[in-house]
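The structure follows.
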Amino acid sequence: MAILLCVGLGIGWMAWRGFSDRKITDQELLREAVADWKKAGEPGYGPNSQTFEQQAAQGYYEDAAATGRLFKRADDVQWAIVELVRIRAENGDIQSAKNSINSLAGSALQKKAVEVVALIQGPERRFVGRA
């Protein structure tokens, strides 16, 4: 039974990895965002984190920020803020990532965002914003 469970988990993980890097079309992304927005007011429902990640990865930063603000839990909203900074930096938009970090002045999120961008930039450039 344990072997079957391990095999099933392995196959599921491989299938998930095969689809997780696929960029969806703008039309699919818009449909998902609209569906998330419509359901955001329902009890117990918030936006899909994958919609947020796709919006950010494809450069729709303002849309991703709006989706992130729809998350129900404060921890999820904070994750989205730092994640958006990380994705901007990974996409090569370092200046916007720095601007986002500076807009977090005085918050615990600022330090976390600085660390995330510093890791992306590499060991030779540790400080990208004011911590």
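The values are calculated or read from the model by the stated rules, or taken from the named source; none is laboratory data. Keep in mind it's a predicted model, so treat the numbers as computed, not measured. FYI the Cβ positions are ideal-geometry reconstructions off the backbone, even for glycines, and counts take in every protein chain you see. The area values use the complete protein model at the heavy-atom level, side chains included, leaving out ligands, DNA and RNA. Shrake-Rupley method; radii C 1.70, N 1.55, O 1.52, S 1.80 Å.
For the structure I just gave you, tell me whether Arg31 is modelled with pLDDT of 75 or more, closer than 23 Å to Glu115 by Cα and basic (Lys, Arg).
The answer is no for Arg31.
Within segment 72-101, how many residues are under 12 Å from the mean Cα position of the chain (by Cα) and open to solvent by 20 Å² or more (accessible area, probe 1.4 Å)?
Looking only at that region, the number is 10.
Could you give me the residue pairs with C-beta distances under 8 Å whose first residue belongs to segment 103-131 and is of a type outside the set (Asp, Glu) and open to solvent by 100 Å² or more (accessible area, probe 1.4 Å), whose second residue is at pLDDT below 80 and not in a loop (DSSP other than H, G, I, E, B) wherever it lies, and which are 6+ apart or on separate chains?
From segment 103-131, no pairs qualify.
Checking Trp16 against (1) at pLDDT below 85; (2) in a loop (DSSP other than H, G, I, E, B), which single condition isn't satisfied?
Trp16 satisfies every listed condition except (2).
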